[in-house]
């Protein structure tokens, strides 16, 4: 486990603050951006519209000059009729306006002369010399009657600015003709006055539209034809709709139709590969002027503001992130250090340094809690050490006591006249059970006992009992007297009130007569030579150590050769399973009944131990078990 | 493309010198445009030269008041294009011209109105623009048949007179003037148009003509010319972009005010008009005698002085 497994609190907290702040900033920037964008677009639009209006005014100044002069000349012809000196009118008009390159008056068939179908008086000015010459054209080779400049004013009854055309001389200069219909006093149409304007200046004036460096101007005729265009190839060859129709771009087509509708306005219009803001307005003569400003130029101001805003936001967010991260990191550093301290303590360093805290807040509480925890752990560990030491010492002493106790028990049994074997398995290190065997000539003394209580007192009492048994056996008294003597000894100074149940017997190995006394102990099992088992009848005596001077009653029985005695403590019959059911006396009798005749005493003892172990099925023993078997 | 032109010219020149190719002057009935793409392709791809012809293509001047048939009749060119009905009228007047190749099997004549037309009778009494001397005959026959009176206004150019409102409607060809109007207005609603082909007046249109005498004296050369011309049109139909390139070269060379999209539209429509509705392909089928007779009757109804043409003398 490491502390760097996930993002730190400071990082997460900083990022969360950053996210919230960024959202607020972005919302603010969007609002400000929209407002400033609209304001700047409006300003750019007004700026471009003003520039275009100026441009249009400059163009119209020339065109209206031509219109005024031509209208005046036309009025003269209309007032005086064909009788006036037409040459002087034509040349006079040509001289009146320097923008004009040719002027003329054309008549309806047979109106000027009865025999002339075509009558056109045309004055032109030599480009080099400036000399004006006037000719009369009356041949059908120049059929002006079907030409736009004649037909349209004739049919509409109004003056008309013709769509520009290239000069007939094949030069690249364009001319546009202003034609005025002529009516006599009765309102009868009789001809058209025309004034040709060179448009060489037009492109030059149009190009003055420079609200921005990259601005471009388009001039479009009433029929959509480009009159002025940055791409000279398109002039008079393409119309405003050519690209839209070629690409079947309905959106662009709608924009172009809006431009051609005659209303001033602004739209986004494709020009080449780029989109432009197109500011457009009509001229008085029906042409359309379009000023193209690249989006970049048009929105330059907005972009500057937006870039500044973006920079401020980005910078602000960076500063906010760094400072908040640093501050939060500083504030939460003790937490990290506490975590390291806790980690150290968990690894066994219970004296790990716990960082001090200057603030009086939650961190201080955490610090104090950690300190208290560290102190408590150290106290507990000290106590634990002492307890462990004591336990170890006691275990050591008990181990020694166990060995001492075991050494008190005989492990080598007499084998002269009887097969005897015994075993004692204490429940703990030391126990209160005992057995002992002494052979004195033809007499075989043995005892099995169980001291009240457990542990060290019981063990000590067991040692005393053993010594008392040995001493009593050596006196040559009857078994009952021996038990009475043992009892009396125990009762003296037995303030603890301890007692011991005893089965004491003495067998004459020659006569097989057994004298015995049962002092409150479990009845001994006797197995006859026929294998039949039963409890040995015994008179009831109290356990030794209870009442001083108690007179114990002994009994005797003659045993048969081949019979067995099984003396035991209550650890056998009271051995429990987990379900608390006990081994019991009937099971013991059953076991004894099943002993094979040829079995030795050792085998009987070991088999009974196995039988009890099997019965308890691993359940923990609570009592010592002692089994002694004598086989005659 | 310049290299191609130079190469073609050189090839033609060398072939002429080497084999004594027959010279033929040919005049389309209008200025350079995709309407004549098949002739340009036949020339540029060397189909005429392969037939042993040294063809010179001579265009009319823009705004010229003379027709191609006039140039033909006066012997200024050997072969020209014109329209079937216009040529019948000229032959009826006594001009010895013959139809040697019928190109367009359908008419592209149509009428575009400034206002919606609920019925063709809506043009009654309206000022309708038309060309000065010819090509409007189907409209005249139509109006004569239905007793519709219109005020015909002759013009040189349909666009400005229409846009300015000087006329209420104008005649135009679906491959040319219609696109002029379309490119001037951006869009033309369907209900502003009348197509004479859809009104039961779908007569063959563009064709190749020569004089009786030239045909009799140079029959083999005329056949070679028409054969190569067919190849030129077939090539143009299969290679439209290449054909368009050639058309634009001609257009630029002669300073014609037009543009590539316009010429593309024109080429597509011209090729459509060449498709025979019966066979479903451009088969350059000769005009049938019944069609000539039908037109003779219609023209006589139109003009009592019209003298009907004799089919076998006129259609070769």
* Structure fact -> With R₀ set to 51 angstrom, the calculated FRET efficiency between the beta-carbons of residue B:304 and residue A:308, to the nearest 0.05, is 0.05
* Take the alpha carbon atoms of segment A:283-361, find their center, do the same for segment B:76-110, and report the distance between the two centers in whole angstrom. => 84 Å
* Asked: Let a ≥ b ≥ c be the square roots of the eigenvalues of the Cα gyration tensor of segment A:11-66; is it rounded (a/c under 1.5), or, if not, prolate (a/b larger than b/c) or oblate?
  -> prolate
* Theoretical gain in end-to-end length, residue A:60 to residue A:395 [0.36 nm per residue, Cα-Cα removed] -> 108.2 nm
* Asked: Once fully extended, how much extra length lies between residue A:428 and residue A:201, figured as 0.36 nm per residue of separation less the alpha-carbon to alpha-carbon distance?
  -> 69.0 nm
* To do: Any chance you could check the Cα centroid distance between segment A:508-536 and segment B:161-228 for me, in angstrom?
  => 149 Å
* Subtract the Cα-Cα distance of residue A:346 and residue A:478 from 0.36 nm times their separation in residues, and report this length gain in nm to one decimal. => 40.5 nm
* To do: May I ask you to work out the translational diffusion coefficient for segment B:177-312 at 20 °C, viscosity 1.002 mPa s, via Stokes-Einstein with Rh from the Kirkwood sum over Cα pairs, reported in whole µm²/s?
  => 118 µm²/s
* To do: Could you pull the Rg and Dmax for segment A:567-632, using just the Cα atoms, both in Å?
  => 11.7, 38
* Please report how far the C-alpha centroid of segment A:407-475 lies from that of segment A:549-563, rounded to the nearest whole angstrom. => 18 Å
* To do: Two decimals is fine: what's Rg over Rh for chain A, C-alpha atoms, Kirkwood radius as Rh?
  => 1.78
* Across chain B, how large is the tail of the calculated P(r) beyond 37 Å, expressed as a percent of all Cα pairs? -> 14 percent
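Indicate the gyration tensor shape class of segment A:331-383 (rounded, prolate or oblate), computed on the Cα atoms with a ≥ b ≥ c the square roots of the eigenvalues: a/c under 1.5 is rounded; otherwise a/b larger than b/c is prolate and the rest oblate. Working shown, then result.
Working: a/c = 3.18, a/b = 1.69, b/c = 1.88.
It is oblate, given that a/c is not under 1.5 and a/b is not larger than b/c.
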* Hull volume in cubic angstrom per residue (convex hull over the Cα atoms of segment A:489-559) -> 88 Å³
* So what's Rg/Rh here for segment A:381-472, counting alpha carbon atoms and using the Kirkwood radius for Rh? -> 1.13
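We did not get these values from a lab; they are worked out from the coordinates using the rules stated. All values derive from a computational prediction rather than experimental measurement. Here Cβ is always computed from backbone atoms with ideal geometry, including for glycine, and neighbour counts include all displayed protein chains.
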